[in-house]
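Participant: Here it is, the structure in full.
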Amino acid sequence: MSYKIDLSELKRDAAVSLTQQLVERFTTAIDAGELEPGEKLPPTRELAELVGVNHLTAARVYRKLAELGYVTASVGRGTFVRALAPARSEDEGDEWQVYALPEHELTYPERVLAEVMSSTGQPDLISLAVGWPSPHLYPTDELARITAEVFAEEGGEALSYLPAEGLYAFREQLAIRGRHAGFAEDPDEIIVTSGAKQGISLAARATLEPGDVAVIESPTFAGMLDSLRQTGARVIGVPVDQDGFDVDGLERLLARHEVKLVALQTACQNPTGRDLSEERRVRLASLARERNFFVLEDRVYADASFEGEPVRPLRELAPAHVIYVNSLSKLVGGGLRSGWVAARGPVRERIATLKLESDFHSATLIQHIAARWLAAGGYDRHLEHTQPFYRERRDALLAALERHMPGEYQADAPRGGHHLWVTLNRSLDERALYSEAARHGVAFTPGDAVTPERRSQTSLRLSFSLVEPPELDEGVRRLARAMREVRRRSRHAVAAPMS
């Protein structure tokens, strides 16, 4: 910010407090138009350093300005000169909280993730931004019947507290699947979590601290990237190509950094839909054992393969080094919030402790329902029923892109999952496209929100699982129109003469 007003020569021994003197300087500048409506004020810590007062004094200044109706504040965005005079109200309002809360500037991925999560259900907006399972496929009748059975047979136990690790019957069913699939041998390896995102966050908190180096695939799941960054670790990206995570690129990083954790999706990767090749799978497990770093393996889309059996889990090859995460959210229903972690040794104990500290345990009733559903074969029947549905939508999205954007993009058909990774042949301003697309009534996930580094190319994640084929076609048509508008404005800006 360019500081337009004179904040020097405060009278520190005057009868008027420093807080009031600063308030008067700001109100005078706003009334005179020196600070314009919508203009951002410096963060409280910067203001404190600029005028030589403590942070609490600076916070009181902004709180008083808000009470007087001169400024408005938003967590993650900052404090701004109010554009319109506020209406009189007996309600004291909530703006004071911004100054009492710890400062937190929302990152671009955090802001996009919040917008993406709220994009569905908005009228006149086609959301290609979320890859949730379709409500048309929820096994509601089957789960309703099982729920009635749970209450009839378990009674009040269905609502009781549990150990942090979760319901043993559910963990036992997961271990049965784990022995077949290769991610666990024993129920005691498994900790039930409230969705895979909690499992990822717990694993990151258990293994990382500020200053550590973590490596993550790029592009990746925005939630995993956010969880790693929240620990204060330095997060470095490694590209994903046709064979998945670039293990050669990891080896080059290992020569220069002491890596504590490597995070990736080994099957039906979000957002590319690619699998880790068998050669790379074996090499990555070997490197983890040789160098003694942890691997966080996210498998939430592994069973969403369009091409037969998914690649085997990495944990099968290095169970002491790999922390495995999965859930029912992406293939059954996100509202179940039913996930799990498989790990062993001290890291498993640490994750269990963090789980206890976070929320004691995941919902008891849901665990009873999930255990019975798995035992009855419901999950396998559900997969067999739903995969043709998602394959049809993947193909519809690919056809729409070729119809409305021929020659404008590169995209490989995903082998599984609910997303398509699209890279434009000609770069444009990604954030401008994101805003323009919203004005045209279509949402997508921008590439910069799912990569740890800034990219020279323009990429976007398009999700197809929630959208009917005709809407997919209309969504891509709107996106193509938004692209043309951004390019038109860009050409006009370049051609405009210097004044």
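Participant: If you take every residue apart from Val23 with its C-beta less than 11 Å away from the C-beta of Val23, what net charge results, scoring Lys and Arg +1 and Asp and Glu -1?
Facilitator: Computed value for this residue: +2.
Participant: Hey, got the dipole for the chain? About the Cα centre, +1 on K and R Cβ, -1 on D and E Cβ, debye to the nearest 20?
Facilitator: 1080 debye
Participant: Hey, any idea what % of the chain's accessible area is carbon plus sulfur with a 1.4 Å probe?
Facilitator: That fraction is 50 percent.
Participant: Find which of Leu225, Gln457, Ala342 sits farthest along the positive direction of the dipole of the chain, computed with +1 on the beta-carbon of Lys and Arg, -1 on that of Asp and Glu, about the Cα centre.
Facilitator: Positive-end residue among those listed: Gln457.
Participant: Run the simple label-point estimate for Ala255 and Glu34 please: 7 Å along Cα→C-beta, distance reported in nm.
Facilitator: In this crude label model, Ala255 to Glu34 measures out at 5.8 nm.
Participant: Summing Lys, Arg as +1 and Asp, Glu as -1, what charge do residues with Cβ under 14 Å from the Cβ of Glu209 carry, Glu209 excluded?
Facilitator: Numbers: positive: Arg205, Arg229, Arg234, Lys260, Arg350; negative: Asp212, Glu258.
Here the charged neighbours net out to +3.
Participant: Once you charge only the Cβ atoms, +1 for Lys and Arg and -1 for Asp and Glu, what is the size of the charge dipole of the stretch 303-431 about its Cα centre, to the nearest 20 debye? List each step's numbers first, then the result.
Facilitator: Details: 17 positive and 16 negative charges, 76 e Å.
So the dipole magnitude of the stretch 303-431 works out to roughly 360 debye.
Participant: Continuing with the same structure: Using the structure shown, select from Lys4/Lys64; Lys40/Lys355; Lys64/Lys355; Lys11/Lys40 the pairs with a Cα to Cα distance greater than 30 angstrom.
Facilitator: Too far apart for the 30 Å limit: Lys40/Lys355; Lys64/Lys355.
Participant: With both bridge residues required to lie in the chain, what share of the DSSP beta bridges run antiparallel, to the nearest 5%?
Facilitator: Given both bridge residues lie in the chain, the antiparallel proportion sits at roughly 55 percent.
Participant: Under 16 Å from the Cα of Lys330, which lysines turn up, not counting those fewer than eight places away in the same chain?
Facilitator: Lys197
Participant: So what is the calculated 222 nm ellipticity per residue for the chain, using -39500 (n - 2.57) for each DSSP H run with n of 4 or more, over all residues, to the nearest 500 deg cm²/dmol? Working shown, then result.
Facilitator: Numbers: 16 runs with 212 residues, N = 499.
So the helix-based figure for the chain works out to -13500 deg cm²/dmol.
Participant: Starting from the eigenvalues of the Cα gyration tensor, five times each then square-rooted, give me the equivalent ellipsoid semi-axes of the chain, largest first, whole Å.
Facilitator: In descending order the semi-axes read 44, 30, 24 Å.
Participant: If the only charges are +1 at each Lys and Arg Cβ and -1 at each Asp and Glu Cβ, what is the size of the charge dipole of the stretch 98-159 around the Cα centre, to the nearest 20 debye? Each step should come with its number before you reach the end.
Facilitator: On the way: 2 positive and 11 negative charges, 52 e Å.
The calculated dipole for the stretch 98-159 is roughly 260 debye.
Participant: Compute the Cα gyration tensor for the stretch 103-165, then decide on rounded, prolate or oblate, letting a ≥ b ≥ c be the square roots of its eigenvalues: rounded whenever a/c is under 1.5, prolate when a/b is larger than b/c in the other cases, and oblate in all that remain.
Facilitator: Oblate.
Participant: Going by amide H atoms built from the backbone, whose H comes under 5 Å of the H on Leu41, apart from near neighbours?
Facilitator: Those lying under 5 Å, H to H, from Leu41 are Thr79, Phe80, Val81.
Participant: What is the percent of Cα-Cα separations in the stretch 81-233 that go past 18 Å?
Facilitator: Across the stretch 81-233, Cα pairs with separations above 18 Å total 78 percent.
Participant: If you don't mind, there's one more thing I want to ask. State the Cα centre-to-centre distance between the stretch 268-332 and the stretch 1-48 in whole Å.
Facilitator: Value for the Cα centre distance between the two parts: 55 Å.
Participant: Further question on the same structure: By how many nm would the segment from Glu384 to Glu67 lengthen if fully extended, with 0.36 nm per residue of separation less the alpha-carbon distance?
Facilitator: Values: separation 317, 0.36 × 317 = 114.12 nm, distance 5.94 nm.
My answer for the length gained is 108.2 nm.
Participant: For Glu307 and Arg77 in one chain, what is 0.36 nm times their gap in residues minus the Cα-Cα distance, to one decimal in nm?
Facilitator: Taking 0.36 nm per residue and subtracting the Cα distance, the gain is 78.3 nm.
Participant: Further, regarding this structure: Normalised by the number of residues in the chain, what is the relative contact order in percent for Cα pairs under 8 Å and 6+ residues apart?
Facilitator: Result for the chain is 17 percent.
Participant: Right, next: Among Ala144, Gly156, Pro123, flag the residue with its Cα farthest along the positive direction of the charge dipole of the stretch 92-183, charges on Cβ as +1 for Lys/Arg and -1 for Asp/Glu.
Facilitator: So the residue we want is Ala144.
Participant: Which residue, Ala184, Val235, Gln173, has the largest displacement toward the positive end of the dipole of the chain when charges sit on each Cβ (Lys, Arg +1; Asp, Glu -1)?
Facilitator: Comparing the listed Cα positions along the dipole, Val235 ranks first.
Participant: Here is a follow-up. Which percent of the Cα-Cα distances in the stretch 350-499 go past 22 Å?
Facilitator: Everything past 22 Å amounts to 56 percent.
Participant: Which whole-number value in Å² is the accessible area per residue of the stretch 299-432, probe 1.4 Å? Can you show the working numbers first?
Facilitator: Details: 5320 Å² over 134 residues.
Accessible area per residue: 40 Å².
Participant: Between Asp395 and Arg455, with labels modelled 7 Å along Cα→Cβ, what's the label distance in nm to one decimal, could you check?
Facilitator: Simple spin-label model gives 2.7 nm for this pair.
Participant: Net charge within 11 Å of Arg344 by Cβ-Cβ distance, Lys/Arg positive one each and Asp/Glu negative one each, not counting Arg344 itself?
Facilitator: Local net charge: -3.
Participant: Report relative contact order for the stretch 185-336 in percent, whole number only (criteria: Cα-Cα under 8 Å, sequence separation at least 6).
Facilitator: 23 percent
Participant: Also, quick follow-up: Compute the FRET efficiency between Ser8 and Glu408 as 1/(1 + (r/R0)^6), taking r as their Cβ-Cβ distance and R0 = 45 Å, and round to the nearest 0.05.
Facilitator: My answer for the efficiency is 0.25.
Participant: Something else: How large are Rg and Dmax for the stretch 219-311 when calculated on the C-alpha trace, in angstrom?
Facilitator: 13.0, 39
Participant: Continuing with the same structure: Which three semi-axes in whole Å describe the equivalent ellipsoid of the stretch 21-82, each the square root of 5 times a Cα gyration tensor eigenvalue, listed largest first?
Facilitator: They are 17, 14, 10 Å, listed from largest to smallest.
The values are calculated or read from the model by the stated rules, or taken from the named source; none is laboratory data. Everything numeric in this text was worked out from a predicted model, so none of it was measured. Glycine gets a Cβ as well: all are built from the backbone with ideal geometry, and neighbour counts include every protein chain shown. We work out accessible area using only protein heavy atoms, side chains counted, and drop any ligands, DNA or RNA first. Shrake-Rupley method; radii C 1.70, N 1.55, O 1.52, S 1.80 Å.
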